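Readers should treat all values here as calculations from the given coordinates under stated rules, not as data from a laboratory. On a predicted model such as this, the values are computed, not experimentally measured, just so you know. Please note: Cβ atoms are built from the backbone with ideal geometry, for glycine as well, and neighbour counts cover all protein chains shown.
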Amino acid sequence: MGDRLKGEVAIVTGAAAGIGQAFSVAMAAEGASLVLADLVNADETVAKIEAASGKAIAIIADVTDEAAMTSMASVAIEAFGKIDILVNNAGIYPLKSIEDTDLDTWHRIIGINLTGTFLATRAVVPSMKQAGKGKIVNISSGTFFMGTPGASAYVATKGAVIGMARSLASELGDDGIQVNCIAPGLTTTPGVTGGIGNEMRDAVVTMQSVKRREVPEDMVGALLFLTSSDSDFMTGQVMLVDGGAANN
Ligand SMILES: NC(=O)c1ccc[n+]([C@@H]2O[C@H](COP(=O)([O-])OP(=O)(O)OC[C@H]3O[C@@H](n4cnc5c(N)ncnc54)[C@H](O)[C@@H]3O)[C@@H](O)[C@H]2O)c1
């Protein structure tokens, strides 16, 4: 246990599994109290946090549901008194060519990855403004920098959350709120192992400078930097944590 986030209150969307779970556990281990929002039960994440003597509350909340995002912010304030950190992590990544992306699929990807980021952010900003401080981290993707084919709707959302962060960084700077992004490379999570085969995952490793599969813990250093006072003079930026894939 460290104390880089001692006394801080953090909300993580999509916290039941994968990157969101690892990020939640890591922030709790640094002293933050967590609200874990997910479509599915995040009890496993709560158990991991409590096993390390941390504090967390899990709520079922769909990021596309405006009322659920408002109530997510209320839960954090009622339970812990404030909101210091929001990690916009919930996301889906169906791999589809442009011809196979029907309008419903397009709306679903935009709805969760982009509108969800908007709704969660809008829900927390008033209390961050009132406190005169806040850290928002949007989870983008290395695919935006690589122009990965067969995923144009997804890649569009992952560029859009960078655009949103850059604009909000300017808009909210005077309120003491920093808005940055982490762009992961292909990372082993339940979402990836359920949808992306070994062959593609091996192919990505060959594109990286660091020749092994990325795991969520590889991004914890970037996350703790962007959610702690270490990054107080940095906003509107993207940390690409992908083993060098987009560089090659
Ligand atoms: N894993 C990767 O390779 C990778 C690479 C780049 C970016 N990302 C991004 O990182 C984030 C997390 O990815 P992951 O691989 O950990 O995913 P994952 O599928 O393993 O976990 C995502 C979590 O989000 C939740 N979720 C999905 N829709 C939701 C909604 N509408 N409301 C609330 N929660 C919802 C799921 O229930 C799940 O618990 C996503 O935004 C993804 O686009 C992942």
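Looking at region 66-156, the GluC sites (Glu not before Pro) that sit in a DSSP loop and have at most 15 other Cβ atoms within 10 Å of their own Cβ are 99.
With a sphere of radius 10 Å drawn around the Cβ of residue 7, what net charge do the other residues whose Cβ falls strictly inside it have (Lys, Arg +1; Asp, Glu -1)?
Surrounding charge for residue 7 is -1.
Note on residue 188 and residue 210: with the Förster distance fixed at 22 Å, the Cβ-Cβ geometry gives a FRET efficiency of about 0.95. Here's how it looks for residue 58: its modeled amide H is under 5 Å from those of 36, which are all 5 or more places away or on a different chain. Normalised by the number of residues in the chain, the average gap of Cα pairs under 8 Å and 6 or more apart makes the relative contact order 19 percent.
Pairs exceeding 32 Å between alpha-carbon atoms, taken from 48/211; 6/158; 6/211; 82/211; 133/158; 133/211: 6/211; 82/211; 133/211.
Are there any helices in the chain, counted as whole DSSP H runs, that stretch 24 Å or more along their axis by Cα and score at least -1.0 on average by Kyte-Doolittle, and if so which? Once both thresholds are applied, what remains is 152-172.
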